[in-house]
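The structure under discussion appears below in the form of structure tokens.
Each value in this text was obtained by applying a stated rule to the coordinates, not by laboratory testing. This structure is a prediction, so every number in the text was calculated from the model and none was measured. Note that we place each Cβ from the backbone using ideal geometry, even for glycine, and neighbour counts take in every protein chain shown.
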Amino acid sequence: MQIAIRNLKTDDLERAHFAVEAEAIETLYTHNLSFWSTRNRDDLSEGEKQTIINDQNGASTPQTCGATDKLHKIYAETTRHGEFSLLEIGAANGTVMQRIGEKYPNPNFRYVGFECLPILAEDFREKFPGQTMHLGDVDDFIAKEKSFFPEAPFTLFYASVVFIMIKPDLVRKALEKAAKLTDQILIYDYVERPDVELDPSESLVLHMTNRPVYWFIHAWEDYFSEIGFKIADMKVANPTDAEMRSPGYDPQLRGSGYVHAVRA
Ligand SMILES: C[S@@+](CC[C@H](N)C(=O)[O-])C[C@H]1O[C@@H](n2cnc3c(N)ncnc32)[C@H](O)[C@@H]1O
């Protein structure tokens, strides 16, 4: 069988860039899902569970701080004249609460999240009993009817380090669903424009031997115009030399940043 993957280059950060046809995208996405399902077993020891919980860190890094600043601005602008509400997928155990709390220690808002790992969803429910966490992945979110969200419309739909692991057709569907529930979307992900030539049938995928999942690189402009949104602001993180020497800095995340889109 011919494998529909073209090797484009390996960059200075040891990231292999592949142009991948739809059929092979399925295989790579199945691999990503199997990584997450190994963390979703009934027989995890207490130690393993604690490690998964402790691995979640909402603290801003040189790469995520731009997205967090944007989140703070949207929160501040909205709460000046009304209520802020947030809908999130790939929510972990509430790392966004920590991010908002960095500037607003006692934030007052309505939160609805989706998380596919039961351990993390349960940990969230223990920590934030007044808020809502649904157990589910991107497919579950897409499958929900609008009536499942009595809290809608939300001020903001948020996804941080989630879409990078999800294949393009599902990200498009998730954004289409989000557009039915909000007028504003904030994503922290890989946002740099790829400097490689792709055929229309191909998607860009990055692979690093030291990472367990493939990274899907998305065409944000196309996705947002398909759902009638426009990009209000998109920035690739640009850490200073001092930040690049700080412990939270991960060089392989070069090209990541945020995209903020609003209804056109
Ligand atoms: C790197 S963590 C990011 C967590 C959190 N959003 C943050 O920024 O701290 C990735 C999250 O995506 C979730 N995830 C992985 N695959 C997913 C999928 N196919 N659909 C929805 N969520 C997924 C994981 O359970 C995990 O919580």
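Worth pointing out:
- Separation between Cα centres of the range 209-264 and the range 145-183, rounded to whole Å: 17 Å
- Relative exposure of LYS177, LYS49, judged by other C-beta atoms within 10 Å (fewest first): LYS49, LYS177
- Comparing GLY90, CYS116, HIS31 along the charge dipole axis of the range 1-153, the residue lying farthest to the positive side is GLY90, per the Cβ-charge model.
- Amide H to amide H distances under 5 Å link ALA232 with HIS260, ALA261, VAL262, where only residues 5 or more positions off or on other chains count and H is placed in the peptide plane.
- Whole-Hz ³J(HN,Hα) from phi, Karplus 6.51 cos²θ - 1.76 cosθ + 1.60, for the range 82-94, glycine and proline x: x, 9, 9, 9, 10, 10, 9, 10, x, 7, 6, 10, x
- Close amide-amide hydrogen proximity is noted between ILE166 and PHE216, each under 5 Å apart and 5 or more residues distant or on a separate chain (H modeled in the peptide plane; Pro and chain starts excluded).
- Spin-label pair ARG80/ASP199, simplified geometry with 7 Å Cα→Cβ offset, distance in nm: 5.1 nm
- Folded to 0 to 90 degrees: helix 168-179 orientation relative to the chain principal axis, Cα: 20 degrees
- Cα point-scatterer Debye curve for the chain, base-10 log of I(q)/I(0) at q = 0.07 Å⁻¹: -0.24
- Shown in residue order for the range 13-25 are the 3J(HN,Hα) couplings computed by the Karplus curve 6.51 cos²θ - 1.76 cosθ + 1.60 at θ = phi - 60°: 9, 6, 9, 7, 9, 10, 9, 10, 7, 3, 4, 6, 4 Hz (x for Gly and Pro).
- Total lysine pairs in the chain at Cα distances under 17 Å, for residues eight or more apart or on different chains: 16.
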